[in-house]
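Have a look at the structure below, then the notes.
Please treat every number below as a calculation from the coordinates, not as lab data. What you see is a predicted model, and the numbers here were worked out from it, not measured in a lab. Virtual Cβ from ideal backbone geometry, glycine too; neighbours counted across all protein chains shown.
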Amino acid sequence: MMTTQMIIRLDEDVKKRLNRLARLEGKSTSQLVRELIEERLEERDIGAYIDDLWGRIGRKLKTKGVTKAKIRQAIKASRQKR
C-alpha cells in the first residue's frame, strides 16, 4: 500500500494530549492519528455503511435459503396487490 504524507496544524495542548494518548496505548502518534481518521471516516461514510448493511442482509437471506428468484417473485406479488 502506497502512503502519502500530510501536514496538519494543532494547538500545542492538543498535540501534547495526542502524544500522551499514543504513548499510553503503546502506539506512535502517526499510527493513532491514522486509526482515528479511519474510525471517523467509517462513522461518516454512509455509502460504506449501506454497502455493509446490504452485504449483511444478503448473507442472512442466503443462510435462510432465499434466492434472487424468490425475491423477484415477492416484489412482483407485492406490486400486483397495489
State, to one decimal in nm, how far the label point of Arg72 lies from the label point of Glu39, with both points 7 Å from Cα in the Cβ direction. 4.5 nm
Inter-site label distance for Asn19 and Asp51 at 7 Å from Cα along Cβ, in nm: 3.8 nm
Which one of Ala22, Ile46, Leu10 is farthest out on the positive end of the charge dipole of the chain, using unit charges on Cβ (Lys, Arg +1; Asp, Glu -1) and the Cα centre as origin? Ile46
Give me the lysines in straight-line cross-link reach of Lys68: C-alpha distance below 17 Å, same-chain residues under 8 apart excluded. Lys60, Lys76
Kirkwood Rh, angstrom, the chain [1 / mean 1/r, Cα pairs]: 17.2 Å
